[in-house]
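Structure first, then comments.
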Amino acid sequence: MNILFYAKGLDTESWLTAIRSALPDSDTQLWSEQLEESWQADYALLWHPPVELFATQNSLKAIFNLGAGVDALLRLPGRPSEVPIIKLRNAGMDPWMFDYILYGVLHFGRNFDRYRQQQQQQLWQPHPSTAPNVRCIGILGLGALGQTIAQRFSQLGYRVQGWSRGPKCIEGVDTYSGLDYLDDFLGRCDVVVNLLPATAQTFHLLNADRLAQLRHDAVLINAGRGTTVDPDALNDALALGRLRGALLDVFHTEPLPANHPLWARQNVIITPHIAAPTLIKDALEQITADIQSLEQGLFVPRVDSTLGY
Ligand code: GLV
């Protein structure tokens, strides 16, 4: 079996070593323009591949996306649309994602944003904070990660609600589905966490009108994709104090351009798309099991390119 690998921004040497040890009977090659045209891969493990990659590969049985979000791969011109795409379904990301979101919940919920500013003025001024069991965490997007994150918060005693395109049932979580219920959902959140995929339907889902549904003291955590939030509307809401603050890991353009006003906002924390990294060992556990299933003709969940996730 031949395995093709290419992953922009990931540690190529460590990945190649790990793939060769996980699939010792396979021939694993790193994609480059020098790769012989006669060498055809059965499976490709990819993250942000170049457009040229698909031009000479005619035998792919499946493409594995080395991340949870498939937007970049689906956008790529020349991608063979008949080849199924399989994404990472959690693959060890949930403790990382949970950690990241919990930080945002605590930072604003326990007033660390205010105390940080007060420290600069040597100001000793306590602020009231709501108890965890009264704070409502709302998760937008109840895929493999969203569901697990919602359950983890629920197990810690938070009030948790979730919103998704289609109906979902998760123990301990109040679930909403469909656009008709989105405003209602948003109006109940103290913290809104975006974990939605980037699709045509989610583009600027959080626009000025929707952000206006949020409570005055609400916080936005975006660890999904930048395109779900209208950046001007978010900037205005933060500038006008309509929102308490935001923890943002993802943006329309990454890196966030140097002149972007969000960089300078006191009530915003910006991180460089690090919320949940792809973990080599966990990702390969899923991928090797999926390859085995595919080889045996068994079902493996595939990305629906019309839905975009
Ligand atoms: C990260 O952005 C991912 O899609 O896994």
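The values are calculated or read from the model by the stated rules, or taken from the named source; none is laboratory data. Predicted, not measured: the structure shown is a model, and the values here were computed from it. Because the Cβ atoms are built from the backbone with ideal geometry, glycine has one as well, and the counts that use them run over all protein chains shown.
Couple of notes before you dig in:
Listed here are the residues, each with its yes/no results for (1) under 20 Å from G297 (Cα atoms); (2) assigned by TED's automatic domain parsing to the domain that holds T148; (3) of a type in the set (A, V, I, L, M); (4) near the ligand (Cβ under 10 Å from one of its atoms).
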{"residue": "W47", "(1), (2), (3), (4)": "no, no, no, yes"}
{"residue": "L60", "(1), (2), (3), (4)": "yes, no, yes, no"}
{"residue": "L66", "(1), (2), (3), (4)": "no, no, yes, yes"}
{"residue": "R75", "(1), (2), (3), (4)": "no, no, no, no"}
{"residue": "R79", "(1), (2), (3), (4)": "no, no, no, no"}
{"residue": "I85", "(1), (2), (3), (4)": "yes, no, yes, no"}
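- Among the numbered conditions (1) in contact with a Pro (Cβ under 6 Å, 6 or more places away or on another chain); (2) within 16 Å of the ligand (Cβ to nearest atom), the only one that N235 does not meet is (2).
- Hits in region 189-218 - residues which are part of a strand (DSSP E or B) and over 21 Å from G166 (Cβ atoms): V191
- Take the conditions (1) of a type in the set (S, T, N, Q); (2) within 13 Å of the ligand (Cβ to nearest atom); (3) outside the structural domain of L106 (by TED's automatic domain parsing); S305 misses just one of them, which is (2).
- Every residue from region 76-107 that is touching a Lys or Arg at 6+ places or on another chain (Cβ under 6 Å) and over 24 Å from L307 (Cα atoms): F98
- Residue match in region 111-127 (condition: within 16 Å of the ligand (Cβ to nearest atom), modelled with pLDDT of 95 or more and basic (K, R)): no
Yes or no, residue by residue, for (1) touching a His at 6+ places or on another chain (Cβ under 9 Å); (2) closer than 24 Å to I269 by Cα; (3) surrounded by fewer than 20 Cβ atoms within 10 Å (Cβ to Cβ):
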{"site": "K87", "(1), (2), (3)": "no, no, no"}
{"site": "A91", "(1), (2), (3)": "no, no, no"}
{"site": "I137", "(1), (2), (3)": "no, yes, no"}
{"site": "S154", "(1), (2), (3)": "no, no, yes"}
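Yes/no per residue for (1) in contact with a Lys or Arg (Cβ under 9 Å, 6 or more places away or on another chain); (2) farther than 23 Å from V250 by Cβ; (3) in contact (Cβ under 8 Å) with a residue 24 or more places away in the chain:
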position	(1), (2), (3)
Q155	no, yes, no
Q161	yes, no, yes
E171	no, yes, no
D180	no, yes, no
F185	no, no, yes
R188	yes, yes, yes
V193	no, no, yes
A198	yes, no, yes
T202	yes, no, yes
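- Among the residues of region 112-152, those identified as under 25 Å from R225 (Cα atoms), touching a Leu at 6+ places or on another chain (Cβ under 8 Å), part of a helix (DSSP H, G or I) and among the hydrophobic types (A, V, I, L, M, F, W, C) are L145, I149, A150.
- Residue in region 219-229 that is in contact (Cβ under 8 Å) with a residue 24 or more places away in the chain, away from the ligand (no atom under 16 Å from the Cβ) and either not hydrophobic (A, V, I, L, M, F, W, C) or not in a helix (DSSP H, G or I) (or both) present: yes
- Among the candidates P272, P301, P261, the residue that is in contact with a Pro (Cβ under 7 Å, 6 or more places away or on another chain) and touching a residue at least 12 places away in the same chain (Cβ under 8 Å) is uniquely P272.
- Selection within region 32-68 - assigned to a loop (DSSP other than H, G, I, E, B), out of contact with any Phe, Trp or Tyr (no Cβ under 8 Å at 6 or more places or on another chain) and buried (at least 19 other Cβ atoms within 10 Å of the Cβ): A41, Q57, A68
- Residue match in region 289-302 (condition: in the same structural domain as P84 (by TED's automatic domain parsing), over 21 Å from T199 (Cα atoms) and within 15 Å of the ligand (Cβ to nearest atom)): no
- Taken over region 182-241, the criterion of being of a type in the set (K, R) and more than 19 Å from the chain's Cα centre (by Cα) is satisfied by R188, R210, R215.
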